[in-house]
1. Just to confirm a number: summing +1 for Lys and Arg and -1 for Asp and Glu over residues other than Asp191 whose beta-carbon lies under 15 angstrom from that of Asp191, what do you get?
2. So, how do all the Cα-to-Cα distances of the chain break down into 5 Å bins, in percent, from 0 on up?
3. Over the chain, with a Gaussian network built from C-alpha contacts below 10 Å, which listed residue (Cys38, Cys192, Cys12) shows the highest mean-square fluctuation?
4. Quick one: Debye curve from the C-alpha atoms of region 156-270, no solvent, what's log10 I(q)/I(0) at q = 0.18 Å⁻¹?
5. Summing Lys, Arg as +1 and Asp, Glu as -1, what charge do residues with Cβ under 12 Å from the Cβ of Arg55 carry, Arg55 excluded?
6. Quick check on packing: order 179-191, 156-168 by the mean number of other C-beta atoms within 10 Å, highest mean leading.
7. Cβ under 14 Å from Val34's Cβ, Val34 left aside: what net charge do those residues give with Lys, Arg +1 and Asp, Glu -1?
8. Over the chain, what is the mean sequence separation of C-alpha contacts under 8 Å (at least six apart), divided by residue count, expressed as relative contact order in percent?
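Quick note: the coordinates plus some simple rules give every number you see, no bench work behind them. Please read all numbers here as calculations on a predicted model, not as lab measurements. Cβ atoms come from the backbone with ideal geometry, glycine included; neighbour counts cover every protein chain shown.
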Amino acid sequence: MNGELSQLVALCSAANAAMTDSLDKGQVYPDHSVFQFCNAVRFVDIKKGLFGKFREVERHNNPDDWLRSLRDTQTIRAWLTFESADNTDAPAHQLAAFVGGGSNWQLVLATDDATDFWKSRWQVTDQNASDNRIWSVTYGCVGKSNHGSTAPVADLNGATSRLRSALTGTRDFADEHELALWSEWFQRALDCTNSSKPISFPDYVDFISLDSYPEKAQRLFAAAYHGWVFGGMGSWNDLSFEMNSENDRYHDLSAELFAAINDAIQQATWSFGSNESA
């Protein structure tokens, strides 16, 4: 999974955990793995000024301050939503390898009487940083509603079925073309959706408050991390085939998998704190 989305998932989980007192004591920033390449992460309001120009007004200069503020504002819930990026130059799953490409994600924060919508902007501000912290990330409050919201009801069974179908399709395609490495990759993701198999994440994932999600959601997250193959050179996105018909199948299957993974992540975040019957 790319760094932008991993960080959003972590912040969403941390926000819900902070509001329910289930967040482990101690700082999240800068030590958590999703911030390992960030030299700054701040939260700003977008204000309209003179002549219609917009300006940023800093609300919090790091994620820990932001998390602590949620109690004061009586925030009750956080979740993620996404829409596919509207771009005619390339399919969304191919753009996902680039910063800001592939999907338009929002982090939603709700109180009883207001809802805020946040989007991220990643910028390289220290290209030669010795500790590799080259990125500055800004979360901007891009929209507000004067009424409270509740998270959409998650259909974890439906999301699981859709993801399994997409993973099976890409695995079978990989088998047909003797792409053993990719077939194994997709099978690992499929195994995560099987209730008889243990839940496993890639070694680099340090998931916040995983136990606060129902098992079905935990499995969706794990499958999404394992099934994310949308990188640049050398990734699943980098393949091509001699026959146009097979290239078309490959792109269609990849698009279906990308959409299914995004839907799985989105719906899993809607289920924080719910019971296993969700």
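1. +4
2. With a bin width of 5 Å, the distribution comes to 1, 5, 12, 16, 18, 17, 13, 9, 5, 3, 1, 0, 0.
3. Cys38
4. Taken in order of the listed q values, log10 I(q)/I(0) reads -0.87.
5. Around Arg55, the surrounding residues sum to 0.
6. Top of the packing list down: 156-168, 179-191.
7. Overall, the nearby charge balance is -3.
8. Computed value for the chain: 21 percent relative contact order.
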